1. Taking accessible area as the heavy-atom solvent-accessible surface of the protein chains with a 1.4 Å probe, which residues of region A:83-122 lose no less than 50 Å² upon going from the isolated chain to the full protein assembly?
2. Count the DSSP beta bridges whose two residues both fall in the protein assembly as shown, then state the antiparallel fraction as a percent rounded to the nearest 5.
3. Hey, for A:Lys103 with labels 7 Å out along Cα-Cβ, what do the inter-copy distances come to in nm, ordered shortest first?
4. Given contacts defined as C-alpha pairs under 8 Å and at least six residues apart, what's the relative contact order of region A:158-213, whole-number percent?
5. Would you mind classifying region A:124-214 by shape? Square roots of the alpha carbon gyration tensor eigenvalues, ordered a ≥ b ≥ c; an a/c under 1.5 is rounded, otherwise it is prolate if a/b is larger than b/c and oblate if not.
6. Just the accessible area per residue of the protein assembly as shown, please: how many Å² with a 1.4 Å probe?
7. Determine the relative contact order of region B:134-229: mean sequence separation of Cα pairs under 8 Å and six or more apart, normalised by residue count, in whole percent.
8. Under 5 Å between amide H atoms, partner at least 5 residues away or on a different chain: which partners does A:Glu148 have, H built in plane at 1.01 Å?
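The values are calculated or read from the model by the stated rules, or taken from the named source; none is laboratory data. The structure presented is a predicted model; accordingly, all values stated were derived computationally and were not measured. When we count neighbours, we look across all protein chains shown, and the Cβ atoms used for this are built from the backbone with ideal geometry, even at glycine. Accessible surface areas use protein heavy atoms only, side chains included; no ligands, DNA or RNA. Shrake-Rupley method; radii C 1.70, N 1.55, O 1.52, S 1.80 Å.
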Protein chains: 2
Amino acid sequence: MAQETILLVDDEKEIVQLLDIYFRNEGYRLLKASDGIEALEALRSEAVDLIILDVMMPRMDGVEACMKIREHRHMPIIMLSAKGQDIDKITGLSIGADDYVTKPFSPLELVARAKSQLRRYKQLNRPAERESGEIEIDGLLVDVASHEVSVEGRAVKLTPREFAVLELLARNRGIVLSMERIYEHAWNEPFLDGGNTVMVHIRKIREKIERDPRNPRYIKTVWGVGYKIDK
Amino acid sequence: MAQETILLVDDEKEIVQLLDIYFRNEGYRLLKASDGIEALEALRSEAVDLIILDVMMPRMDGVEACMKIREHRHMPIIMLSAKGQDIDKITGLSIGADDYVTKPFSPLELVARAKSQLRRYKQLNRPAERESGEIEIDGLLVDVASHEVSVEGRAVKLTPREFAVLELLARNRGIVLSMERIYEHAWNEPFLDGGNTVMVHIRKIREKIERDPRNPRYIKTVWGVGYKIDK
DNA sequence: ATTTTTCTTAAAGCTTTCTTAAAAAAACCT
DNA sequence: AGGTTTTTTTAAGAAAGCTTTAAGAAAAAT
């Protein structure tokens, strides 16, 4: 998955530095700007997925920057405001921000809110991603929406991981997938050790969907390479 | 597909201007009215697919407008309300809005909810125009309009939140909904912490509608994914 | 302002799932 | 064929996820 970029706009060095650590730690790319003008410039040259804007800044404050950005861009914006800054006044303006956080705030909370906004934004951009909800292979039916699998009409209960592995293979019919690729896709984390977790899962899946696991009809072993479902 | 039309009713210029950008960008036609009276007029002369109504407006407020519209029309209505305005009532029988967003709202969230309502109504008008305001599942009756629920004829009293959760699941039969999605839909706010509030609510609902909560007939747990009601 | 209801939080207990390790089987290579 | 490597199979312990309870906080009703 591509790394997401966050633009943090604040003139207070300490805050920027602090948040830099937190967002980096969560795997985001963090761009920095210290006022509205800089922010607008940064937006011209970089692809940004989310903006965090402090309200109080020199040259161009957060409110103005927010409205300017909104004229052209629709990525989520989170506003940072100080306690005394009368939140109601800011939020009442309907400047188009998506969330508001008051200082002093917990960095973790801001990270959580940022994540939440990014999640929603991503979903919005691909709503019709019903990825053809169902995959049918011979007599094997994989229904992503309901998370159900059936073989020749008989329902089969798979665990989350098993489902992820089977779905991956089913979506890539005819393509051999290495253990690494399977692991990294289905587990969503790097494949480090040389464990045989994936194999064990394949075994479990076969046990459930194959009539004769020794002679699998669906998930074929490609010796020395990986697994695949034939086209 | 023909362009869909949204009628935005709000007296606050900034909000209208802001949303104009968003909905235009998403490919909708946006009509504007600044109070309930104008809204009703607009409805007479134009074909509208969805209405967004601010609760607080001069001349005729959103609540009254909503009720008036409901007398004649069957179309999705989303209310913009301040926090603390009896939300349960807004989506309840007397007022009859389909959804609501509280100010200050995230434009992205409003767009997402608008899309969701449009999708729902389109599906409703196509296969079998059966929105008697009731969803029937096996022996479970969910009355969307009056917010009443009964099992095998016996009335069951659910709290507003419980109802929101059950309604969401009932409207999405056969689809697994994650805790996140359930929370964000039924609570109308971002799911930040990893709390188990949703689970506790599910438990309460089961206690009320299931004969044997351990072996639920309606709300099924999908391990590691979420909850669903089977189709 | 008080009572009642609803919601949230936290923790304990239970169930399911995942991982690990090791032995057995199969495929490959020379 | 014999040795080597890779995959399959098993089983048990560890980890993760779900359920249930209960008590306090918050919200709503009176």
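1. Relative to the lone chain, where solvent access is computed with a 1.4 Å probe, region A:83-122 loses at least 50 Å² at A:Ser94, A:Asp98, A:Arg119, A:Arg120.
2. On the way: 32 of 68 bridges.
That works out to approximately 45 percent antiparallel.
3. 2.7
4. On the way: 31 pairs, mean separation 22.0, N = 56.
Relative contact order of region A:158-213: 39 percent.
5. Values: a/c = 1.89, a/b = 1.08, b/c = 1.75.
Oblate is the answer for region A:124-214, as a/c is 1.5 or above yet b/c matches or exceeds a/b.
6. 52 Å²
7. 27 percent
8. So A:Glu148 has HN proximity to A:Asp143.
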